[in-house]
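Here is the structure we will look at.
The values are calculated or read from the model by the stated rules, or taken from the named source; none is laboratory data. Nothing here was measured: the structure is a model prediction, and the numbers come from that model. Neighbour counts run over all protein chains shown; Cβ positions are idealised from the backbone, glycine included. Just the protein is used for accessible areas: all its heavy atoms, side chains included, with ligands, DNA and RNA removed. Shrake-Rupley method; radii C 1.70, N 1.55, O 1.52, S 1.80 Å.
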Amino acid sequence: MDIRLTNTLTGEKEIFRPADPKRVTMYVCGPTTYSYAHIGNARPPVVFDVLFRLLRRTYGESHVLYAANFTDVDDKIIAAAIESGRPAGEITAHFERIYRDDMAALGVLEPTFRPHATEHIPGMIALIETLIAKGHAYRSESGVLFNVPSMADYGKLSRRDRDDMIAGARVEVAADKRDPADFAVWKASKPGEPPEVRWPAPFGEGRPGWHIECSAMAKATLGETIDIHGGGRDLIFPHHENEIAQSECAHGKPMAHYWLHNEFLSIDTEKMSKSIGNVKLVHELLQHYAGETMRLALLSAHYRKPLDWTSDLLDQSKATLDRLYNAFRRIGSAEDVVAEPPAGVIAALSDDLNTPQALAELAALATAANKAERADWPRLKAELRASGAMLGLLQADPEDWARGGASEDAARIDALVAARVAARAAKDFAEADRIRNQLASEGVEIMDGPKGSTWRRT
Ligand code: AMP
Ligand code: ZN
């Protein structure tokens with residue numbers, strides 16, 4: 001069955017045809033690890049995780065390569081390092097660990113590659129040298145700038161007019177810019193910046209701009225041209241437009257064939273964002289809701305539609321999971337057989353990731369399971385499990401879910417205790433203390449002993 005995806009580049013829903021079905025590639029821009037992820041930040045990783053699952057099923061697990069990066073050098077990280085007096089690497093390692101725990105709780109599979117910007121500085125420098133040599137970038141007082149008028153089709157992704165782009169980029173019109181739309185690919189070090197964010201380069205000591213980081217990491221992990229590039233809608237301009245400019249001017253070929261963007265998660269219809277201050281942090285929500293409930297809530301709307309985050313949405317998602325797991329329980333004693341997900345589930349997901357329709361198909365399966373004769377139980381049980389796996393849902397033991405997630409909670413606490421042990425081994429004592437305090441606030445005490453750490457409820 002063909003997969004259809006809405007491509008921001010053309011504005012059309014297109015049949016997805018990978019350049020090489022034996023090597024399907026996808027890159028999704030990841031978080032800047034200087035603070036906690038909010039649930040809006042979790043929408044892209046959860047949505048693209050569903051696409052990753054669909055691609056793996058369609059082309060075979062070993063034929064899909066998925067890269068999602070960590071932006072671990074950036075203005076905000078440097079500001080946090082200067083303000084706290086802690087090394088930048090300590091801050092980013094701390095928040096990366098929390099991000100990984102959050103994503104695991106939301107059922108997000110580990111991508112094939114998890115590149116860090118700081119591991120790819122030589123690749124960024126090489127890209128910038130190519131751009132300078134080809135006349136697409138020039139040295140300036142502030143570092144190196146990309147020369148926007150040097151690219152004939154600049155702006156093709158966001159299709160904005162020039163004035164709009166300049167206003168949208170909200171960059172100050174620096175004196176050393178030849179054109180107001182030019183943007184930084186390399187930022188010269190400034191006095192007071194810590195040593196760990198300075199790298200020597202032929203064009204002067206400094207650090208990469210955000211956009212060149214992704215151009216270099218996509219190239220290093222997946223190649224010069226990839227099939228799918230994704231992220232939230234706010235990344236279309238300037239971030240993805242500028243990634244395209246750099247990669248295509250350096251390599252002379254398309255950066256990606258399919259550009260996918262998710263709509264925003266909102267609160268009271270306003271975009272959830274740190275600058276507005278209306279965020280709900282994933283790690284805090286996880287203290288009140290199962291990760292699976294939150295995942296289902298995120299998938300309850302189509303990824304290209306806005307989704308308002310409300311307590312009603314979470315209650316409904318919990319009720320939906322209760323219903324699904326109850327149906328599963330009814331037929332749970334049936335023997336285990338192997339089954340494919342019903343065609344309706346695959347058709348829904350193949351139609352531009354129609355997750356609401358896929359969830360409706362799951363609900364229909366649950367209704368069938370509630371009425372089924374015993375002879376049909378094994379097939380329905382296997383179909384429910386296989387369909388759930390496509391969405392990253394319904395993989396827990398239904399009896400555990402019915403007990404109010406008792407053992408799910410125990411597994412979560414075990415995972416937190418293990419994360420604390422890892423944090424201590426990495427000398428990240430702030431994270432270790434955070435986990436201890438979080439568990440203490442839930443009435444769980446950690447006991448460190450010669451044989452390791454255990455826990456009990458107080
Ligand atoms: P940031 O940390 O702001 O760079 O965001 C990380 C990712 O989350 C990017 O792909 C953003 O597009 C995405 N994102 C940020 N806010 C929201 C939101 N309210 N809803 C959906 N996606 C978002
Ligand atoms: Zn990016």
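Applying a threshold of 9 Å to beta carbon distances and a minimum spacing of six or more residues, or different chains, the list of pairs starting in the range 10-36 at a residue that is at positive phi and assigned by TED's automatic domain parsing to the domain that holds GLU83 and ending at one that is more than 9 Å from ligand 1 (Cβ to nearest atom) and assigned to a loop (DSSP other than H, G, I, E, B) reads GLY11/ARG159. Against the condition touching a strand residue (DSSP E or B) at 6+ places or on another chain (Cβ under 7 Å), small (Gly, Ala, Ser), more than 16 Å from ligand 2 (Cβ to nearest atom) and open to solvent by less than 20 Å² (accessible area, probe 1.4 Å), how does GLY231 come out, does it pass? Answer is no for this residue. Hey, does the range 91-113 have a residue that's modelled with pLDDT of 95 or more, touching a Phe, Trp or Tyr at 6+ places or on another chain (Cβ under 9 Å), open to solvent by 40 Å² or more (accessible area, probe 1.4 Å) and polar (S, T, N, Q)? Yes - at least one qualifying residue is present in the range 91-113.
If a residue has to be touching a helix residue (DSSP H, G or I) at 6+ places or on another chain (Cβ under 8 Å) and either open to solvent by less than 20 Å² (accessible area, probe 1.4 Å) or assigned to a helix (DSSP H, G or I) (or both) to count, how many in the range 294-315 make the cut?
The number of residues fulfilling the criteria is 12.
Comparison of PRO254, PRO238 shows that the only residue that is open to solvent by less than 50 Å² (accessible area, probe 1.4 Å) and closer than 30 Å to ILE132 by Cβ is PRO238.
Within the range 180-222, the residues that satisfy the criterion of being away from ligand 2 (no atom under 16 Å from the Cβ) and in contact with a Leu (Cβ under 9 Å, 6 or more places away or on another chain) are ASP182, TRP186. Within the range 48-90, track down each residue that is open to solvent by 10 Å² or more (accessible area, probe 1.4 Å) and within 14 Å of ligand 1 (Cβ to nearest atom). Hits for the range 48-90 are ASP72, ASP74, ASP75, LYS76, ALA80. Within the range 182-228, the residues that satisfy the criterion of being hydroxyl-bearing (Ser, Thr, Tyr), touching a residue at least 40 places away in the same chain (Cβ under 8 Å) and open to solvent by 10 Å² or more (accessible area, probe 1.4 Å) are THR221, THR225. Restricted to strands (runs of 3 or more DSSP E) entirely inside the range 150-253, those with at least 2 residues that are more than 19 Å from the chain's Cα centre (by Cα) are 183-188, 206-208. Within the range 383-441, the set of residues being polar (S, T, N, Q) and either within 30 Å of TYR34 (Cβ to Cβ) or not in a loop (DSSP other than H, G, I, E, B) (or both) comprises SER387, SER407, ASN437, GLN438, SER441. Among the residues making up the range 1-36, a single one is in contact with a Pro (Cβ under 8 Å, 6 or more places away or on another chain) and more than 25 Å from SER158 (Cβ to Cβ): VAL24. Just wondering, is there one or more residues in the range 239-247 that are within 9 Å of ligand 1 (Cβ to nearest atom), touching a helix residue (DSSP H, G or I) at 6+ places or on another chain (Cβ under 8 Å), in the same structural domain as PRO149 (by TED's automatic domain parsing) and not basic (Lys, Arg)? Yes, that holds for at least one residue. Number of residues in the range 442-457 that are of a type outside the set (A, V, I, L, M, F, W, C) and in a strand (DSSP E or B) equals 8. Note on the range 320-337: residues that are in a loop (DSSP other than H, G, I, E, B) and open to solvent by 10 Å² or more (accessible area, probe 1.4 Å) total 6.
Selection within the range 340-380: residues that are assigned to a loop (DSSP other than H, G, I, E, B) and of a type outside the set (A, V, I, L, M). The member of this set that is most open to solvent (accessible area, probe 1.4 Å) is GLU373. Collect the residues in the range 260-286 that are of a type in the set (D, E, K, R) and either assigned to a loop (DSSP other than H, G, I, E, B) or modelled with pLDDT under 95 (or both), keeping them in residue-number order. Selection gives GLU263, ASP268, LYS274, LYS280, GLU284.
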